[in-house]
Amino acid sequence: MKALTFQGKQSIEYTSIPDPEILQAQDAIVKVDCCAVCGSDLHVYHEREKGLDHGTVMGHEFTGEVVAVGKEVKQLQIGDKVVSPFSTSCGQCYYCNIGLTARCTQGQLYGWVEGDQGLHGGQAEYVRVPLAEGTLVKYNQGLSPEQALFAGDILSTGYYCADQVNIQPDGNYAVIGCGPVGLMCIISAKEMGAQTIFAIDQIPERLAKAEEFGAIPINFSQIDVAAHLKELSKGIGMDGVMEAVGNPAAARMAYELIRYGGSISTVGVHTSSGFAFSPAEAYDKNLQYKVGRCPARHYMKTSLEIIESGRHDLDGIISHRMKLHEGSEAYRIFDKKQDNCLKVILYP
Ligand code: NAD
Ligand code: ZN
């Protein structure tokens, strides 16, 4: 089959590799209908996290059709249309039972193979899915493969992020970063009843999207965001901040915006070894801080309902549709945000 493979820093190649096979009784093989490039793929692309084997199939956002199942798979049939969360989960362990499927004791992240151990990704013609029954979700035939795809990562991640700040209708909320994940935070906070959401970025087109989704856009390169939001909230600050960037500057901004006792929820992937605020500063704000990988599988039912509702123009964030063989170029465009690139969907 053909797949996009990691070949080192900023090097993604469209290569021929053997088709994946059923290795364990709980596996399924999915023929990919479409897959997407995610902000998280850029951490790998830039080798911010070291260790990935060259030749690893990239990607963790995909939908497709089940074409083979292991002998213990009973609830999925060949021909089922499915969406996968970005990590696998058994559905039965302690963490799956408490809804923290991202930390399933047997879970694996797609697109991460290190020292020959791990799981290849979804930017390919076929994907092997371990723990298929606990992982894959069948989606309603009324949805297109690219609509369903958002449930597997970005919408579930945005929902998780918003869920961690205890949204109240009359509260003031800020979303830092208006990439696909930040935009999904806005939609999710709206779904939970938030009326006042400030959206912070410096890319005008992304701020315009945030406004379309019902947020108040703020360009951080033009104004002092902390002073501005303090004034707008009568000197109090934000009740909740959702951070969907993953760099120290954004983390620091979250700290500066939050009110005493407010909640910061961080889904941006951080790789630095220290916090952007000190324990003393956290103490002085009675800060509540939530951070980590989204248990996407746990949120997918809700995400699919939101997508099916048609309440939000989710298709509107897809800026580019390309062929899988154009994957190397897709990464380059997405990384440079060239041509207002916001979300790229790839078709095998
Ligand atoms: P993206 O790169 O498309 O978007 C990030 C946005 O942040 C960009 O629009 C950029 O202009 C903006 N930005 C950069 N610095 C900023 C700053 N200091 N203040 C405000 N905005 C700033 O990425 P994405 O696909 O939207 O993903 C966002 C983050 O979420 C990434 O770190 C990604 O890895 C992470 N992520 C985490 C999970 C999880 O499970 N926790 C899941 C999916 C994605
Ligand atoms: Zn992703």
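Within the stretch 166-263, which helices (runs of 4 or more DSSP H) (wholly inside it) include 2 or more residues that are within 16 Å of ligand 2 (Cβ to nearest atom) and open to solvent by 10 Å² or more (accessible area, probe 1.4 Å)?
In the stretch 166-263, the matching helices (runs of 4 or more DSSP H) lie at 180-191.
Go through 297, 332 for me and flag whichever is within 30 Å of residue 141 (Cβ to Cβ), at pLDDT 95 or above and either open to solvent by 10 Å² or more (accessible area, probe 1.4 Å) or not assigned by TED's automatic domain parsing to the domain that holds residue 101 (or both).
Matching residue, one of 297, 332: 297.
Does the stretch 53-67 include one or more residues that are closer than 16 Å to residue 149 by Cα, at pLDDT 95 or above and acidic (Asp, Glu)?
Checked the stretch 53-67: at least one residue is closer than 16 Å to residue 149 by Cα, at pLDDT 95 or above and acidic (Asp, Glu).
All but one of (1) within 16 Å of ligand 1 (Cβ to nearest atom); (2) assigned to a loop (DSSP other than H, G, I, E, B); (3) in contact (Cβ under 8 Å) with a residue 60 or more places away in the chain hold for residue 36; state the number of the condition that does not hold.
The failed condition is (2).
From 95, 14, grab the single residue that is touching a Cys at 6+ places or on another chain (Cβ under 6 Å) and away from ligand 2 (no atom under 16 Å from the Cβ).
Only one candidate passes the filter, namely 95.
Does residue 265 satisfy the criteria of being touching a Cys at 6+ places or on another chain (Cβ under 7 Å) and under 28 Å from residue 41 (Cα atoms)?
So residue 265 passes the test.
Please note which strands (runs of 3 or more DSSP E) are completely contained in the stretch 46-141 and include at least 2 residues that are open to solvent by less than 10 Å² (accessible area, probe 1.4 Å) and over 18 Å from residue 298 (Cβ atoms).
Strands (runs of 3 or more DSSP E) meeting the threshold: 61-69.
The values are calculated or read from the model by the stated rules, or taken from the named source; none is laboratory data. A quick note: this is a predicted structure, and the numbers were derived from the prediction, not measured. As a convention, Cβ positions derive from the backbone with ideal geometry for all residues, glycine included, and neighbour counts pool all protein chains shown. Areas reflect the complete protein model, heavy atoms only, side chains present, ligands, DNA and RNA absent. Shrake-Rupley method; radii C 1.70, N 1.55, O 1.52, S 1.80 Å.
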